[in-house]
């Protein structure tokens, strides 16, 4: 399975997980310049920017460990653009949703992963 298909499957599963928790998905694959936010959601009046990381197993480390400083910078840049575009003036949060594709019920939702 190529990287694009893995990412799409991970985002599909993440959407289902988040919707089951009461999140409203506003955007998927939001792009700004060379940056992309996998999912943007609204939950409890908080705008949440979610980085989805999915792997077939956690044998070689956990997916969330792949979110480095460069990725965080790009996410924040795109989030800033989105916030400005919709004139959001309430709370925001950055989450990471890490999913094991071979066992989708095996996931880790890290709220307030960085700021």
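Within segment 60-69, can one find any residue that is part of a loop (DSSP other than H, G, I, E, B), surrounded by 16 or more Cβ atoms within 10 Å (Cβ to Cβ) and under 12 Å from the mean Cα position of the chain (by Cα)? Yes, that holds for at least one residue. Residues that are surrounded by fewer than 17 Cβ atoms within 10 Å (Cβ to Cβ) and more than 15 Å from the chain's Cα centre (by Cα) do occur in segment 11-21. For segment 77-115, the set of residues classified as under 23 Å from residue 20 (Cα atoms) and in a loop (DSSP other than H, G, I, E, B) consists of 91, 101, 102, 103, 104, 105, 106, 111, 112, 113, listed by residue number. Given the criteria over 19 Å from residue 101 (Cα atoms), within 11 Å of the chain's Cα centre (by Cα), surrounded by 12 or more Cβ atoms within 10 Å (Cβ to Cβ) and at pLDDT 95 or above, does residue 77 qualify? Answer is no for this residue. The set of residues in segment 80-107 being surrounded by 12 or more Cβ atoms within 10 Å (Cβ to Cβ) and either closer than 16 Å to residue 7 by Cα or touching a residue at least 60 places away in the same chain (Cβ under 8 Å) (or both) consists of 96, 97, 98, 99, 100, 101, 104, 107.
The values are calculated or read from the model by the stated rules, or taken from the named source; none is laboratory data. Because the structure is a prediction, the values reported are computed rather than measured. Using ideal geometry, Cβ is built from the backbone for each residue, glycine included, and neighbour counts are taken over all protein chains shown.
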